[in-house]
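Q: One structure follows; several queries about it will come next.
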Amino acid sequence: MSATHRMIRVPRPHRPVWHAWTAATGFAVAAVFCAPLAFEANSLLKAYEDPVAISDRALSRAFDGKVATAEIESALKANDADLAKSFVELADDRHVELSSDLRKRVDDAVEEANSAAAAANSFARGLITGDPADAVGLAGTAVGDLFVFGDIRDAVREGSRYASGENYDQLVLGLACVGIAITAGTYATIGFGAPARIGLSAVKAARRTGKITGSMASWIGRSLRETVDWAALKRAGGSLAEPVVAVRTAREAVKVEKAGGLVQLVGDVGKVQTKAGTRAALDSLKIANNPAEVARVAKLAEKKGGKTRAILKTLGRGAILLSISSFNLAMWILGAIATLFGFVSSAKSGVERATERHLARKRAREQARYAAMLGVKAGAKA
């Protein structure tokens, strides 16, 4: 083969262009699915620590007229006018239509629940038994605890069982002792205020009625073991059955300087009660596993008020926590970024390879023209 023919040979590209463009197309298709997830993940990450934003997003999918009507009917059937009213308020806030007949039934149920006779019975029950069924009942419980009567009642009952080796409720006994200690003039020293006093009564009532999660009960138990000198209570023995001795023993056994975490918890429960009502405070202890989650409910209650119970009933723990971990959300965003990077890289490679091929062909044409010119000149000399 002559030198001229070798010069005009078109070089074959080493990297096919279609490989790069196929990869770029694949990444582009993947981006169609990844990009919405990435935007959603970014939005969820921003709302990760905001229970109000979390509940609003969840309600947009889980709450409508059908759900509202069913929940209100169920609440009315259970004689829970407070919950029915909460769902009406939530429906109004979410612009969900309810029938006028259903609204009237709720109004009638609320009026009956708030009647003087019902309020008196509920207050008396809360005051005497410490088992509140509504806001009035918890008011009775709180009044009893505020004047130490309720805490003495619980301390005497559970303390005598503890001293005699019978089955007793450690949480109720410990909370009653803490209540006696803080009510006896130590509010200011540990930052204890009215919401926390109400919250302590609510936590104790939730324990007595079984409306508290196992994880939360375990946390309170650990806190009480650090706060209460159980050996001192044990040494008091049968004398705990005497109210005066029970008060003195409880005050001496409680180390108020170590009650900070417990104070924060009952303070948040008290905030929920103040903003959203007694039942909402008790409901918060039914879904929360630790004090941080109660704090989230308190933040939700500050914003949502009376609608809080309906939100907790509809969403459960989903009202304060995302079901997706922050790690997974971050991975969604990283996946979208990797997809975008892959598309850009593949497209860049495709452009480079197409450019290489174009330049190679251009050089080949120039070489062919040059060879042709050489051939013409050689023929002319011949």
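Any read-out appearing in this document is the output of simple, stated calculations on the displayed coordinates, not a laboratory observation. The shown structure was predicted, so the numbers you read here are calculated from the model rather than taken from an experiment. All Cβ positions, even for glycine, are placed from backbone atoms using ideal geometry, and neighbour counts span all protein chains on display.
Q: Using packing as a proxy for protection, rank 211-224, 261-274, 91-104 so that the peptide with the highest average count of other Cβ atoms within 10 Å comes first.
A: In decreasing order of mean packing, 211-224, 261-274, 91-104 become 261-274, 211-224, 91-104.
Q: Can you put ILE182, ILE72 in order, fewest other beta carbons within 10 Å first?
A: Least to most surrounded, the residues fall as ILE182, ILE72.
Q: I've got another one for you. Leaving out same-chain residues fewer than 8 places away, which aspartates and glutamates sit with a Cα under 18 Å from that of LYS211?
A: ASP80, ASP82, ASP131, ASP134, ASP154, ASP169, ASP268, ASP283, GLU293
Q: By counting other Cβ atoms within 10 Å of each Cβ, how are THR308, THR249 ranked from fewest to most?
A: In increasing order of surrounding Cβ atoms, one gets THR249, THR308.
Q: Under a straight-distance cross-link criterion of Cα-Cα below 12 Å, which aspartates and glutamates are reachable from LYS66, leaving out those fewer than 8 residues away in the same chain?
A: By straight Cα distance, LYS66 reaches GLU97.
Q: Once the piece of chain linking ASN290 and ARG103 is laid out straight, how much longer is it, given 0.36 nm per residue of separation minus the C-alpha distance between them?
A: That works out to 63.7 nm of additional length.
Q: For a 26 Å ceiling on Cα separation, which of these pairs sit above it: LYS104/LYS313; LYS255/LYS303; LYS271/LYS313; LYS77/LYS204?
A: LYS255/LYS303; LYS77/LYS204
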